[in-house]
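Notes follow the structure.
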Amino acid sequence: MLWLIPAKKNSPLDMLFAKRGLDYLETQDVQVIIKNFYETKSILGLLKEVRSVRKLTRERNVDLIHAQFGSTTAMVALLTGLPFVVTFRGTDVNGDPASSHLMNFIRKGMGILAMHFSRGNISVSSQLKSKLGPKGADSTVIPSGTKTELFRPIDKSEACMKLGLNKDLYYIAFASGGRRKVKRYDLALKVCELLRIKGHRIELLEIWNTPHDQVPWMINAAEVTILTSEMEGSPNIVRESLACGVPVVCFDVGDAAQWINQDPSSALVINVQDMVDKVDTILRNPPQRQRRINVEQFSETNSAKKLLNFYRSIHGTL
């Protein structure tokens with residue numbers, strides 16, 4: 001099995017969530033080889049990547065390629081001529097506000113084209129699946145798994161001490177995605193500004209390129225996590241925060257509602273002022289730091305088991 005994962009040379013932790021479940025698969029005798037794919041805008045660069053992937057598959061006797069993103073990554077898998085599957089994760093279907101309409105159309109088109117020749121495909125949320133057209137009806141929904149033994153409730157004072165933060169301040173956790181336009185970092189700053197006007201001593205705790213084992217400490221140092229994105233596929237920060245027992249306040253994007261509606265302390269909002277009011281309520285009456293929903297439903301092992309069943313349904317020898 002070859003996992004083809006898009007990567008950025010200046011962002012070593014980007015797409016880390018695409019590698020989740022690897023440990024479980026290996027316990028089931030599924031050998032996974034990971035190849036980073038550095039996206040190229042040239043035809044020559046694309047063909048070089050195709051040749052590189054084909055060479056690797058011959059050397060390692062690969063049975064199946066898993067493109068862990070649509071668009072160019074899926075197209076590389078298609079052009080190898082080998083059996084492949086695709087996971088659609090977000091901007092490969094929704095588009096990216098920082099890109100032109102033409103570029104978004106091309107990227108989505110490549111993913112949809114590849115999907116028609118794939119052995120099967122996965123969507124990380126049912127909302128994303130609904131945007132894949134008629135062929136998307138066959139898509140299997142598997143969210144990225146959450147390492148629930150790592151993301152767990154921790155006392156705020158302990159988390160602040162670990163990170164060298166002031167336990168007397170209120171912190172708001174925010175996964176900025178490198179301040180990409182789609183994440184609306186400006187709105188997160190606006191929320192903090194309005195909360196300060198209400199009298200709260202607030203700091204935004206930006207999570208980006210943070211070592212994975214440090215992220216749970218940052219979430220637990222916060223009173224609340226906010227998500228201000230214009231669009232999402234299946235935001236990991238929502239599940240990670242809920243696994244830590246930290247409430248989430250966010251717009252109704254991706255599959256956020258599926259998880260947030262299970263937690264009485266979290267909330268979906270429709271605009272910035274609504275978000276400010278909900279966060280203000282949480283700050284004035286913070287919930288007990290404990291898990292309030294069943295996290296096993298999105299645990300890393302549970303998602304990996306679904307992935308293994310998917311593989312076996314389209315490639316019986318695995």
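The values are calculated or read from the model by the stated rules, or taken from the named source; none is laboratory data. Keep in mind that this is a model prediction, so the values were computed, not measured. We place every Cβ from the backbone using ideal geometry, glycine too, and count neighbours over all the protein chains shown.
Please work out which residue is farthest from Met1 (Cα to Cα), limiting yourself to the range 124-170 and to residues that are among the polar types (S, T, N, Q) and free of Cβ contacts under 8 Å to residues at least 60 places away in the same chain.
That would be Asn166.
Checking Asn209 against (1) farther than 17 Å from Cys250 by Cβ; (2) modelled with pLDDT of 90 or more; (3) out of contact with any helix residue (DSSP H, G or I) (no Cβ under 6 Å at 6 or more places or on another chain), which single condition isn't satisfied?
Single failed check for Asn209: (2).
Could you grab me the full set of residues in the range 216-235 that are of a type in the set (A, V, I, L, M, F, W, C) and at pLDDT 95 or above?
Trp217, Met218, Ile219, Ala221, Ala222, Val224, Ile226, Leu227
I'm trying to understand the selection: among the residues of the range 171-211, which are outside any helix (DSSP H, G or I), over 18 Å from the mean Cα position of the chain (by Cα) and in contact (Cβ under 8 Å) with a residue 24 or more places away in the chain?
Tyr171, Ile172, Lys198, His200, Arg201, Ile202, Glu203, Leu204, Leu205, listed by residue number.
Across the range 192-214, what is the total count of residues that are more than 19 Å from Ala159 (Cβ to Cβ) and of a type in the set (Ser, Thr, Tyr)?
Total satisfying the criteria: 0.
Quick check, is Lys129 touching a His at 6+ places or on another chain (Cβ under 9 Å), over 16 Å from Ile237 (Cβ atoms) and not hydroxyl-bearing (Ser, Thr, Tyr)?
So Lys129 fails the test.
Taking the stated definitions as given, is Ile34 within 20 Å of Pro134 (Cβ to Cβ) and of a type in the set (Val, Ile, Thr)?
Taking the combined requirement at face value, the residue does not satisfy it.
Within the range 70-84, track down each residue that is under 15 Å from Thr57 (Cα atoms) and either touching a strand residue (DSSP E or B) at 6+ places or on another chain (Cβ under 9 Å) or modelled with pLDDT under 90 (or both).
Selection gives Val76, Ala77, Leu78, Thr80, Leu82, Pro83, Phe84.
I'm checking my understanding of the structure. Among residues of the range 24-55 that are surrounded by 14 or more Cβ atoms within 10 Å (Cβ to Cβ) and of a type in the set (D, E, K, R), which one is modelled with the highest pLDDT?
Arg54
State which residue is farthest from the chain's Cα centre (by Cα) when the search covers only the range 136-155 and only residues that are over 25 Å from Phe117 (Cβ atoms) and hydrophobic (A, V, I, L, M, F, W, C).
Step by step, filter the range 136-155, then rank; the result is Ile154.
If you take just the helices (runs of 4 or more DSSP H) that sit entirely in the range 212-310, which of them hold at least 2 residues that are surrounded by 20 or more Cβ atoms within 10 Å (Cβ to Cβ) and under 21 Å from the mean Cα position of the chain (by Cα)?
215-221, 236-243, 256-260
Identify, from the list Trp259, Trp208, Trp217, the residue that is farther than 14 Å from Leu187 by Cβ, out of contact with any Leu (no Cβ under 8 Å at 6 or more places or on another chain) and not aliphatic (A, V, I, L, M).
Within the list Trp259, Trp208, Trp217, the selection yields Trp208.
List the number of the failed condition for Gln290; all other conditions in (1) under 21 Å from Thr87 (Cβ atoms); (2) in contact (Cβ under 8 Å) with a residue 24 or more places away in the chain; (3) not basic (Lys, Arg) hold.
It fails just one condition, (1).
When you look at Cys250, is it touching a strand residue (DSSP E or B) at 6+ places or on another chain (Cβ under 8 Å) and modelled with pLDDT of 95 or more, yes or no?
It is true that Cys250 is touching a strand residue (DSSP E or B) at 6+ places or on another chain (Cβ under 8 Å) and modelled with pLDDT of 95 or more.
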